[in-house]
1. So the check is Cβ under 7 Å with 6+ separation or different chains; which pairs have a first residue in the stretch 94-109 that's at pLDDT 85 or above and a second one that's among the aliphatic types (A, V, I, L, M) and assigned to a helix (DSSP H, G or I)?
2. Only one of (1) buried (at least 18 other Cβ atoms within 10 Å of the Cβ); (2) more than 21 Å from Ser44 (Cα to Cα); (3) touching a Leu at 6+ places or on another chain (Cβ under 7 Å) is not met by Tyr143, so which one is it?
3. If I filter the stretch 80-93 down to residues being part of a helix (DSSP H, G or I) and surrounded by 11 or more Cβ atoms within 10 Å (Cβ to Cβ), which single residue comes out as modelled with the highest pLDDT?
4. Please work out which residue is farthest from Thr52 (Cα to Cα), limiting yourself to the stretch 163-207 and to residues that are assigned to a helix (DSSP H, G or I) and of a type in the set (S, T, N, Q).
5. For Ile64, state whether it is in contact (Cβ under 8 Å) with a residue 12 or more places away in the chain, in a helix (DSSP H, G or I), under 18 Å from the mean Cα position of the chain (by Cα) and on the phi < 0 side of the Ramachandran plot.
6. Give me a count of the residues in the stretch 136-169 that are among the charged types (D, E, K, R) and without any contact (Cβ under 8 Å) to a residue 60 or more places away in the chain.
7. Filter the stretch 21-79 down to the residues that are surrounded by fewer than 20 Cβ atoms within 10 Å (Cβ to Cβ) and among the charged types (D, E, K, R), then identify the one that is modelled with the highest pLDDT.
8. Return the pair list, or none, for Cβ contacts closer than 7 Å from residues in the stretch 181-207 that are touching a residue at least 12 places away in the same chain (Cβ under 8 Å) and surrounded by fewer than 22 Cβ atoms within 10 Å (Cβ to Cβ) to residues that are assigned to a loop (DSSP other than H, G, I, E, B) and basic (Lys, Arg), at least 6 apart or on different chains.
Amino acid sequence: MTHDPIDTPADIAWMRQLAEEGAQTPMRGGSFLMTGGLVFGVASLCHWAFATGLLPGGMDAVWIPWLASGVIFAAFIAIATPQLKRTETVLTTANKASAIAWSAMGWGIFAMFVSMVTLGWKLGMDTLPVISALIPSIILVFYATGWAVSAVMHRSRAMWILSIASFIAAPVLALFAGSTAQYLAYAAALIGLMGLPGYVFMRAAGK
(Lines give C-alpha, C1' and ligand atoms only; values in the text may rest on other atoms or scores of the structure.)
Protein backbone atom coordinates (compact mmCIF):
# COMPACT_ATOMS: atom_id res chain seq x y z
CA MET A 1 0.00 0.00 0.00
CA THR A 2 1.32 3.38 -0.92
CA HIS A 3 0.25 6.82 0.16
CA ASP A 4 1.29 10.35 -0.58
CA PRO A 5 3.40 11.95 2.12
CA ILE A 6 1.82 14.93 3.84
CA ASP A 7 4.87 17.20 3.79
CA THR A 8 5.52 17.23 0.07
CA PRO A 9 7.52 20.11 -1.43
CA ALA A 10 4.36 21.44 -3.07
CA ASP A 11 2.52 21.45 0.26
CA ILE A 12 5.39 23.21 1.99
CA ALA A 13 5.62 25.80 -0.77
CA TRP A 14 1.86 26.44 -0.59
CA MET A 15 1.96 26.83 3.19
CA ARG A 16 4.93 29.22 2.92
CA GLN A 17 3.11 31.26 0.28
CA LEU A 18 -0.01 31.38 2.45
CA ALA A 19 1.98 32.56 5.48
CA GLU A 20 3.85 35.21 3.50
CA GLU A 21 0.62 36.39 1.87
CA GLY A 22 -1.07 36.76 5.23
CA ALA A 23 1.84 38.67 6.71
CA GLN A 24 2.08 41.08 3.78
CA THR A 25 -1.62 41.76 3.24
CA PRO A 26 -3.51 44.17 5.51
CA MET A 27 -6.83 42.94 6.79
CA ARG A 28 -9.80 44.17 4.79
CA GLY A 29 -13.17 45.02 6.26
CA GLY A 30 -11.89 47.10 9.13
CA SER A 31 -14.73 49.55 8.52
CA PHE A 32 -17.23 46.84 9.51
CA LEU A 33 -15.43 46.23 12.79
CA MET A 34 -15.09 49.94 13.46
CA THR A 35 -18.75 50.65 12.75
CA GLY A 36 -19.98 47.68 14.75
CA GLY A 37 -17.80 48.53 17.73
CA LEU A 38 -18.81 52.19 17.75
CA VAL A 39 -22.52 51.70 17.04
CA PHE A 40 -23.04 48.97 19.61
CA GLY A 41 -20.66 50.69 22.03
CA VAL A 42 -22.86 53.79 21.92
CA ALA A 43 -25.92 51.55 22.39
CA SER A 44 -24.32 50.09 25.51
CA LEU A 45 -23.60 53.59 26.80
CA CYS A 46 -27.23 54.53 26.22
CA HIS A 47 -28.31 51.35 28.04
CA TRP A 48 -26.19 52.40 31.00
CA ALA A 49 -27.58 55.96 30.85
CA PHE A 50 -31.18 54.71 30.84
CA ALA A 51 -30.48 52.26 33.66
CA THR A 52 -28.87 54.92 35.86
CA GLY A 53 -31.52 57.55 35.17
CA LEU A 54 -29.25 59.87 33.18
CA LEU A 55 -31.71 59.50 30.30
CA PRO A 56 -35.48 59.50 30.82
CA GLY A 57 -37.35 56.24 30.34
CA GLY A 58 -35.51 53.96 32.74
CA MET A 59 -35.23 50.22 32.16
CA ASP A 60 -38.34 50.25 29.98
CA ALA A 61 -36.38 52.12 27.32
CA VAL A 62 -33.11 50.14 27.25
CA TRP A 63 -34.23 48.14 24.21
CA ILE A 64 -34.48 51.28 22.06
CA PRO A 65 -30.73 51.90 21.51
CA TRP A 66 -30.10 48.20 20.80
CA LEU A 67 -32.85 48.07 18.19
CA ALA A 68 -31.62 51.32 16.65
CA SER A 69 -28.01 50.10 16.58
CA GLY A 70 -29.04 46.84 14.92
CA VAL A 71 -30.92 48.70 12.19
CA ILE A 72 -28.04 51.15 11.65
CA PHE A 73 -25.43 48.39 11.44
CA ALA A 74 -27.58 46.29 9.08
CA ALA A 75 -27.99 49.34 6.83
CA PHE A 76 -24.24 49.95 6.88
CA ILE A 77 -23.54 46.34 5.88
CA ALA A 78 -26.04 46.56 3.02
CA ILE A 79 -24.40 49.73 1.71
CA ALA A 80 -20.73 49.02 2.41
CA THR A 81 -20.53 45.39 1.25
CA PRO A 82 -21.15 46.10 -2.48
CA GLN A 83 -18.75 49.04 -2.33
CA LEU A 84 -16.03 46.89 -0.78
CA LYS A 85 -16.51 44.22 -3.45
CA ARG A 86 -16.28 46.81 -6.24
CA THR A 87 -12.97 48.11 -4.92
CA GLU A 88 -11.56 44.64 -4.21
CA THR A 89 -8.76 43.78 -6.61
CA VAL A 90 -7.40 40.42 -5.44
CA LEU A 91 -9.04 38.63 -2.52
CA THR A 92 -6.21 36.90 -0.70
CA THR A 93 -6.64 33.66 1.20
CA ALA A 94 -5.93 35.45 4.47
CA ASN A 95 -8.62 38.05 3.90
CA LYS A 96 -11.08 35.46 2.63
CA ALA A 97 -10.60 33.34 5.76
CA SER A 98 -10.91 36.41 8.01
CA ALA A 99 -14.08 37.50 6.24
CA ILE A 100 -15.63 34.05 6.63
CA ALA A 101 -14.66 33.92 10.31
CA TRP A 102 -16.16 37.33 11.13
CA SER A 103 -19.27 36.65 9.07
CA ALA A 104 -19.79 33.33 10.86
CA MET A 105 -19.21 35.12 14.15
CA GLY A 106 -21.94 37.63 13.32
CA TRP A 107 -24.42 34.90 12.47
CA GLY A 108 -23.35 33.04 15.60
CA ILE A 109 -24.14 36.09 17.74
CA PHE A 110 -27.54 36.39 16.06
CA ALA A 111 -28.27 32.69 16.66
CA MET A 112 -27.13 33.03 20.27
CA PHE A 113 -29.40 36.03 20.81
CA VAL A 114 -32.42 34.22 19.32
CA SER A 115 -31.62 31.16 21.44
CA MET A 116 -31.49 33.23 24.62
CA VAL A 117 -34.77 34.97 23.81
CA THR A 118 -36.30 31.56 23.20
CA LEU A 119 -34.86 30.27 26.46
CA GLY A 120 -36.28 33.24 28.35
CA TRP A 121 -39.70 32.65 26.80
CA LYS A 122 -39.50 28.94 27.64
CA LEU A 123 -38.32 29.30 31.24
CA GLY A 124 -40.20 32.46 32.10
CA MET A 125 -39.54 36.17 32.38
CA ASP A 126 -37.79 35.74 35.73
CA THR A 127 -34.80 34.21 33.95
CA LEU A 128 -34.27 37.17 31.58
CA PRO A 129 -32.00 39.18 33.93
CA VAL A 130 -29.60 36.24 34.27
CA ILE A 131 -29.70 35.46 30.57
CA SER A 132 -29.15 39.08 29.52
CA ALA A 133 -26.26 39.42 31.97
CA LEU A 134 -24.43 36.65 30.10
CA ILE A 135 -24.78 38.22 26.64
CA PRO A 136 -21.86 40.72 26.85
CA SER A 137 -19.43 38.02 27.99
CA ILE A 138 -20.51 35.56 25.30
CA ILE A 139 -20.21 38.19 22.59
CA LEU A 140 -16.67 39.02 23.75
CA VAL A 141 -15.79 35.32 23.40
CA PHE A 142 -17.06 35.44 19.80
CA TYR A 143 -14.91 38.51 19.18
CA ALA A 144 -11.88 36.81 20.70
CA THR A 145 -12.34 33.88 18.32
CA GLY A 146 -12.62 36.20 15.32
CA TRP A 147 -9.43 38.01 16.27
CA ALA A 148 -7.64 34.69 16.81
CA VAL A 149 -8.50 33.47 13.30
CA SER A 150 -7.42 36.79 11.79
CA ALA A 151 -4.21 36.74 13.85
CA VAL A 152 -3.26 33.33 12.45
CA MET A 153 -4.10 34.25 8.86
CA HIS A 154 -2.35 37.63 8.94
CA ARG A 155 0.45 36.60 11.31
CA SER A 156 -0.37 39.64 13.43
CA ARG A 157 0.83 40.01 17.01
CA ALA A 158 -1.57 42.94 17.49
CA MET A 159 -4.53 40.73 16.60
CA TRP A 160 -3.34 38.09 19.06
CA ILE A 161 -3.26 40.76 21.75
CA LEU A 162 -6.82 41.78 20.84
CA SER A 163 -7.92 38.15 20.97
CA ILE A 164 -6.36 37.54 24.38
CA ALA A 165 -7.73 40.83 25.70
CA SER A 166 -11.22 39.87 24.50
CA PHE A 167 -10.98 36.48 26.22
CA ILE A 168 -9.93 38.22 29.44
CA ALA A 169 -12.67 40.84 29.13
CA ALA A 170 -15.40 38.17 28.96
CA PRO A 171 -15.17 36.99 32.60
CA VAL A 172 -14.36 40.53 33.74
CA LEU A 173 -17.70 41.69 32.34
CA ALA A 174 -19.38 38.83 34.19
CA LEU A 175 -18.05 40.26 37.45
CA PHE A 176 -20.23 43.33 36.84
CA ALA A 177 -23.37 41.27 36.23
CA GLY A 178 -26.37 42.68 38.02
CA SER A 179 -25.01 46.23 38.15
CA THR A 180 -25.42 49.14 35.77
CA ALA A 181 -21.63 49.32 35.50
CA GLN A 182 -21.65 46.19 33.35
CA TYR A 183 -22.89 48.10 30.32
CA LEU A 184 -20.44 50.91 30.90
CA ALA A 185 -17.64 48.35 30.91
CA TYR A 186 -19.18 46.62 27.90
CA ALA A 187 -19.18 49.91 25.98
CA ALA A 188 -15.48 50.35 26.75
CA ALA A 189 -14.77 46.79 25.56
CA LEU A 190 -16.72 47.25 22.32
CA ILE A 191 -15.03 50.52 21.47
CA GLY A 192 -11.56 49.51 22.65
CA LEU A 193 -11.49 45.97 21.25
CA MET A 194 -13.54 46.47 18.08
CA GLY A 195 -14.15 50.11 17.15
CA LEU A 196 -10.65 51.53 17.51
CA PRO A 197 -8.80 48.46 16.12
CA GLY A 198 -11.23 48.40 13.20
CA TYR A 199 -10.34 52.02 12.45
CA VAL A 200 -6.61 51.24 12.60
CA PHE A 201 -6.90 48.25 10.24
CA MET A 202 -9.21 50.22 7.94
CA ARG A 203 -6.57 52.94 7.62
CA ALA A 204 -3.84 50.34 7.07
CA ALA A 205 -5.82 48.81 4.21
CA GLY A 206 -6.61 52.20 2.76
CA LYS A 207 -10.36 51.49 2.85
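The values are calculated or read from the model by the stated rules, or taken from the named source; none is laboratory data. Keep in mind that what you see is a predicted model, and the values were worked out from it rather than measured. Counting neighbours? That spans all protein chains shown, and the Cβs are built from the backbone with ideal geometry, glycine included.
1. Filtered contacts from the stretch 94-109: Ile109/Ile139.
2. For Tyr143, the exception is condition (2).
3. Going residue by residue through the stretch 80-93, those that are part of a helix (DSSP H, G or I) are 80-87, 93.
Now restrict to residues that are surrounded by 11 or more Cβ atoms within 10 Å (Cβ to Cβ): 80-81, 83-84, 93.
Numbers: Ala80: 85, Thr81: 80, Gln83: 78, Leu84: 71, Thr93: 72.
Here the answer is Ala80.
4. Residue satisfying both the conditions and the ranking: Ser163.
5. On the way: in contact (Cβ under 8 Å) with a residue 12 or more places away in the chain: yes; in a helix (DSSP H, G or I): yes; under 18 Å from the mean Cα position of the chain (by Cα): no; on the phi < 0 side of the Ramachandran plot: yes.
Answer is no for this residue.
6. Taking the stretch 136-169 and keeping what is among the charged types (D, E, K, R), we get 155, 157.
Within this subset, residues satisfying the condition of being without any contact (Cβ under 8 Å) to a residue 60 or more places away in the chain are 157.
Looking only at that region, the number is 1.
7. For the stretch 21-79, the residue satisfying everything is Asp60.
8. Filtered contacts from the stretch 181-207: Ala205/Arg28; Lys207/Arg28.
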